[in-house]
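Written out below as structure tokens is the structure these notes cover.
Where a number appears in this text, it was derived from the coordinates with a stated rule and is not lab data. Here the structure is a predicted model, which is why all the values come from computation and not from measurement. No Cβ is skipped: glycine too gets one built from the backbone with ideal geometry, and neighbour counts run over all protein chains shown.
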């Protein structure tokens, strides 16, 4: 058994790193707080020491993990929320990593005091913060494999989360869709580690499971491994412990599904779902409690016994008939209620056929028993007898028109069946009965957007914003809709409200910039795009949009710089290359412009504007044959392009091919009759043709 060197405070490694104190110890190493004596100011850092296990195989595994961590931290270290690797070295046969020290507290401290106020919004923010870091990790084809509250630090300096401890990472070197043959070591923290990871076969979605487990811990105040699981399915039984919207419940539930194939496949996919969380067809959780029968309340057994004696007494003194009628009525009502409760019990056990029979008997006894009709609808829906379910909900609504739960169930089912217009009317029914029911408004808005009922959707968004004025996502969605309707000022107002609530969401700033651009407020748009880039530096769309704003201001040098940054992030972005070429073109740097147009055409051979403007560069360089060839390529793609016909005519005029030039100008005028330059050049080509001849 190989022993690790005991490192005491004050010890020096490679005569450079002086140990201050021990930070912790895990299965594969110890961590120490240290001082870098070679760095100005004695920079504080973290030193990790390899700790071999009891046999050589474990030692080799541990060594491999440390080497992997070094390689991957180098790869990932350019992200501001992942510790930077300073050094990697071997001393006395042992291995060490030197990393950036992150001052702050780990997430377990926050989860133990998770705020109850605005709990749903807070947990969404937490999930997004983690996923945005994890997205970068997954984009680099890396699985972290030990995401847990202890490995997420809230940095003291700026309040941002930092993902640490990449000692368990696994580089994906094969196709993600192909099952690996090699068995890898099982690593991770119980409760946050899904089954496939426990068996040594982690996926990107294994990390998603861990993030979902953290969310459940935040909502339930319980460690994930202490929450029971369904013995048949393996799913975590956490639903009864919280009261959150169905949207968030289903989102988290998808993250922690037992089968990795049912989860979000990566952080990017999970983020996309989170960003569209309230655009889904999900009603509210938990389901409403069973209501008593409004016209026939249940009667306790002892009271029934007393009433029986009273009725018998009334009968004896001469009111017998009335007494027997009342007893029969009460017995009938009680039997229906028992059958309804029996149906509810069967439904909770997913015994829907038996539940349905109980509900049938209940309404046979009491035809106006609206809850039993709704129970029928729910059971029929679970049995996939959808039309019958809708009929049952309709029956419940006929009995009690303000039965909003039946309206809601009907609306959700209609949406599921693709009956979107019917669903809209049903959701409207819910909102009329229950004006403060947020989820119904969200469902209604989603359908109105889908059906392009945009003005109605704006009204619905107004109500959503009244109900939850501090929800940045709702203001953002409304802003997108107003932008689509070309109400750019209204859109900016909505985006402004969104950024007041949550300043660090790049989407809000980016779309705000787009609306400002449409109002030709380019300087403000550029600043808004810059804000977006502060929170998401690799947002190439914002770099590109900045460049376009600079073009509108005729600030071509800054436009070129913006496009340079764009193609650095996304090298195959043909539009950025094209507009970079256009900006150089305006500065009369024709050779450089041609190089940029070449790049645009490399990534999009059908980019007819690039062919056309490259032709214009050749024309300015007096390379007329090449210009002519490019105009022809543009016209082959877009035959009705009047400017290309005009430029082709101009080039033919230079080459003294007057008849062909005349034809080209005629085509330009055919597609653009009000084209004074083409008319003038056509007259000139005709005159020269008569004087000189073709």
The extension gain from residue 354 to residue 687, computed as 0.36 nm times the residue separation minus the Cα-Cα distance, is 110.4 nm
Rounded to the nearest 0.05, what FRET efficiency is calculated for residue 421 and residue 368 with R0 set to 30 Å and r the Cβ-Cβ distance?
0.50
Once you have the Cα-Cα distance between residue 259 and residue 71, take 0.36 nm times their residue separation minus that, and quote the gain in nm to one decimal.
64.6 nm
Taking the 0 to 90 degree range and rounding to the nearest ten, how far is the long axis of helix 56-76 tilted relative to the main principal axis of the chain, both from C-alpha atoms?
60
Using a simple spin-label model with points 7 Å from Cα along the Cα→Cβ vector, what separation in nm is obtained for residue 275 and residue 243?
3.3
Compute the angle between helix 320-348 and the longest alpha-carbon principal axis of the chain, please, reported from 0 to 90 degrees and rounded to the nearest 10.
40
Taking R0 as 60 Å, what's the FRET efficiency between residue 233 and residue 78 from their Cβ-Cβ distance, rounded to 0.05?
0.90
Can you list the residues of region 415-438 with backbone N under 18 Å from a point 7 Å past the Cα of residue 384, pointing along Cα to Cβ?
415-419
Please work out the C-alpha center-to-center distance from region 453-467 to region 241-275 and express it in whole Å.
26
Tell me the angle of helix 370-382 to the major Cα principal axis of the chain, expressed in degrees between 0 and 90 and rounded to the nearest ten.
50
Using semi-axes √(5λ) of the Cα gyration tensor in Å as the read-out, say which of [x] 39, 29, 26; [y] 60, 45, 21; [z] 46, 42, 29 was calculated from these coordinates.
[y]
Residue 15 versus residue 591: modelled label distance in nm, points set 7 Å from Cα along the beta carbon direction:
5.4
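Take the Cβ-Cβ distance between residue 489 and residue 602 as r, set R0 to 51 Å, and report the resulting FRET efficiency rounded to the nearest 0.05.
0.80
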